[in-house]
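Let me begin by presenting the structure, written as C-alpha cells, before commenting on it.
The values are calculated or read from the model by the stated rules, or taken from the named source; none is laboratory data. Note that the coordinates shown come from a computational prediction; the quantities given were computed from them, not determined experimentally. All Cβ positions, glycine included, derive from the backbone under ideal geometry; neighbour counts span all protein chains shown. Keep in mind that these areas ignore ligands, DNA and RNA; they rest on the heavy atoms of the full protein, side chains included. Shrake-Rupley method; radii C 1.70, N 1.55, O 1.52, S 1.80 Å.
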Amino acid sequence: MKPLQLFDPASSTYSYLLFDAATREALFIDPVDSQLERDLALLRDYALTLVWTVETHAHADHITSAGQLVEHTGARSAAPEGCGIMTAASQLGDGDVLRFGSEQVRVIHTPGHTAGSVSYLWRQHVFTGDTLLINGCGRTDFQSGSAEALYRSITQRLFSLPDDTVVWPGHDYQGRTHSTIAAEKAGNTRIAGKSLAEFVATMTQLKLPRPARMDEALPANQNSGLGVGRQDADGAALLDVQPAEGYAGNVSPELANQWWQDGEAVLIDVRTDAEREWVGFVPGAVALAWKQWPGMALNPQFDEALKAAVPAGGKAVMLCRSGVRSIAAAKRAAELGLEAYNILEGFEGDPDDQAHRGARGGWRFRGLPWRQN
C-alpha cells in the first residue's frame, strides 16, 4: 500500500494522504493552503474521513492549510512540539503514535533543518519533510537550524531504518518522487560517506537565498495557516470591507452586526447544529449549516434554504467558527446571485497558543449578541 503523493508546483512541496482502506479514516501530512480545494475534492472522491492533519515542521516557503482542513473536515491538527505551532490541538514528541482506523504513524524527532523537525514512519514508508531529501537534505542556516543535529538525525535515526524503507521527501525540484534508505545511504551527495566535519563544512558553504515567502509563511504557519490577511480589529478597519475573490468581501463582526441590525443584510450562521448547541448561537440569525455531522458532509439543502432566507439580489453575511467554511459558503451564495460577505473572524476567532478559541477575536469575543443553551 502506497501513500497518495500530492504536489504544489509553486513551492515544489509534496503533501501526503494516508488512509485505512477499511474504515476510510485518513491522515494528511504537510498540506498546502493553495491546494485546499484540490485536497477537499480528493477526500470526497475517495470517500475519506480526515482524522489528522500533521506537519513535519514550521514551513518557511509556503502556508499550511491545516487550520482550514480542520474547519472543513472536523479533523484534529498535530505538530512537532519544538516548532512553536501552538495552535495545533496536539503537540508531538519523539515516539508518539497517531492512529487512523487500524493504521498508525510513529513520530521520529529529526532536528537539524529546524529544532523541532520530525519524520513520520508508516509501515515501510518514512515521510522526512525537509530533513532528508532525494540526493540532498534541508538547509540549516536559519530557523533554529543545526548542521550537527541534522547529521545525527539522518545518520543515526533515518539511516538506522531498514534499507528498503521508502523515503518520501517534503520537496523535490527535479521531478523525483521517492527514494529508499539504501539509495540515500549509498549516494546522497550531501551526506553519504561524509564525516560530521565534512558535512558541516558542506552545509556552511551552501549560501542559499532566503525563502521568498519566509516573512509571510512563518507567522502564518505558527497559527496553523489561519488568519492570513486579517486586519487588526481597531480604528477604521472595523467598518471596512476587504475585497475578496469570488464573493463580495470580508467584513469584521462589528460591521456585520451593524448591517444585520439595520436590516441591510441577513446573517447566516453556517456552523453545524452541534457547534451552535455546544458553543453558542446568535439569536435571530438564520441557522443554515454548510456542512453537517457525521463526516462534515456538504448540506444538500443549502442552496434552496439560502434562497428562501435571502431575497433575490439581497445581501447575506456568512458566519462560521473562524471564518473558513463561511468563505466557501459566501462563494456559493455569490454563484446563486446574492451579494455575499464573510465574517473573517468567525464566531470564536482563531485558536490561541493553548489551542483554545474565544480569546483572539470573533463575534463572541467582541461582545456581540449571542447565547448558549
- [ ] Calculate, for region 1-153, the solvent-accessible area per residue in square angstrom, rolling a 1.4 angstrom probe over the heavy atoms of the protein chains.
- [x] 32 Å²
Open item on the list: If I compute solvent accessible area with a 1.4 Å probe over the protein chains, what percent of it on region 118-180 is carbon and sulfur?
Closed with: 48 percent
TODO: Quick one: pull the percent of accessible area on region 38-78 belonging to carbon and sulfur, 1.4 Å probe, ligands and nucleic acids left out.
DONE: 53 percent
- [ ] Note the direction-averaged projected area, equal to a quarter of the hull surface, for the Cα convex hull of region 239-337, in nm².
- [x] 6.2 nm²
Task: Under 28 Å, Cα to Cα: Lys pairs in the chain, sequence gap 8 or more or different chains - done: 10
Task: Relative contact order computed over the chain (Cα-Cα under 8 Å; 6+ residues apart), in percent - done: 13 percent
TODO: With a/c under 1.5 counting as rounded, go ahead and sort region 311-366 into rounded, prolate or oblate using the C-alpha gyration tensor (a ≥ b ≥ c being the square roots of the eigenvalues; past the cut-off, prolate if a/b is larger than b/c, else oblate).
DONE: prolate
TODO: Let me know the Rg and Dmax you get for region 114-198 when you use only its Cα atoms, in Å.
DONE: 11.8, 33
TODO: For a quick protection proxy, order the peptides 333-344, 187-198, 12-23, 97-108 by their average other-Cβ count within 10 Å, most packed first.
DONE: 333-344, 12-23, 97-108, 187-198
Open item on the list: Below 8 Å, C-alpha to C-alpha, sequence gap of six or more: please give me the relative contact order for region 1-132 in percent.
Closed with: 18 percent
Task: 11 Å beta-carbon shell around residue 259, net charge (K/R +1, D/E -1) - done: -3
Task: Debye-sum result for region 283-345 in log10 I(q)/I(0), which assumes one identical scatterer on each alpha carbon, at q = 0.30 Å⁻¹ - done: -1.48
TODO: Take the Cα pairs of the chain, get the Kirkwood Rh, then feed it into Stokes-Einstein at 25 °C and 0.890 mPa s and tell me D in µm²/s.
DONE: 113 µm²/s
TODO: Determine the sum of side-chain charges near residue 134: Lys and Arg each +1, Asp and Glu each -1, restricted to other residues whose C-beta is under 10 angstrom from that of residue 134.
DONE: -1
- [ ] Would you kindly calculate the translational diffusion coefficient of region 186-307, applying Stokes-Einstein with the Kirkwood radius from alpha carbon pairs, for 10 °C and a viscosity of 1.306 mPa s, and quote it in µm² s⁻¹ without decimals?
- [x] 81 µm²/s
